[in-house]
Amino acid sequence: MHKPAKRRICQIKKLKQPAKKDSARIAVVALSWALTLLCMCAIFYFSSRVGDESADQSLLFMRGLLGFVSNYVSLEVFRKAAHFFEFGLLSFFAYNAFYQVRKNLNALPPFILSFVYCVSDEIHQHFVDGRACRLFDIFIDTLGIIFGLLAFYAVASIIFKLSRKKM
């Protein structure tokens, strides 16, 4: 074989073998989407609990794990804070997942995903005994979504600034 043909074969072999960097990126993308889906599954599970079970679970969590909170915060406020937190976490994970795929900080796709899931969650609750579909919950969830997006943006900005200083 002469040199040009040999060079082409080497280039083809390089293309067939994924680089370690690509494997790591694929793993990060998969983990990011897995965290997003895990959060969605947790939200679905909590929304599937009938009214009394959900209230008991919230009360148990509030008194058991956060005993000091139960003296200062009502159960209703605690439950709304849980809505805020779970959708904030969902939007944070979704923003990270979209960022890992596209490498840009466009907040619209994770917002849409989180908001559609928020609305579908409230519709789902309409069909669960003792639960209801409430516009106020959608409002609280949306505030959580916005908070999660802003939190991810802030964390990403700090990481970018720190990585630029190291260069």
Exercise for the section: Treat the count of other C-beta atoms within 10 Å as a stand-in for reagent exposure and order Cys133, Cys39 from fewest to most. Expected result: Cys133, Cys39
Handout entry: J(HN,Hα) series, the range 90-103, from Karplus relation 6.51 cos²θ - 1.76 cosθ + 1.60, nearest Hz, glycine and proline x
Key = 4, 5, 4, 5, 5, 4, 4, 4, 5, 4, 5, 7, 9, 6
Exercise for the section: Starting from the Cα of Val101, move 7 Å in the Cα-to-Cβ direction to define the label point; list residues of the range 121-153 whose amide nitrogen is under 20 Å from there. Expected result: 121, 145-146, 148-150, 152-153
Practice task
Work out, in µm²/s and without decimals, the Stokes-Einstein translational diffusion coefficient of the range 99-138 at 10 °C, 1.306 mPa s, Rh from Kirkwood over C-alpha pairs.
Solution key: 137
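Stretch Phe46-Val155 to full length: gain in nm at 0.36 nm per residue minus the Cα-Cα span?
Values: separation 109, 0.36 × 109 = 39.24 nm, distance 2.78 nm.
Additional length available on full extension: 36.5 nm.
Read-outs: derived from the displayed coordinates by stated rules, not from any lab. Since the model is a prediction, treat every value here as computed from it, not as a measurement. Note that we place each Cβ from the backbone using ideal geometry, even for glycine, and neighbour counts take in every protein chain shown.
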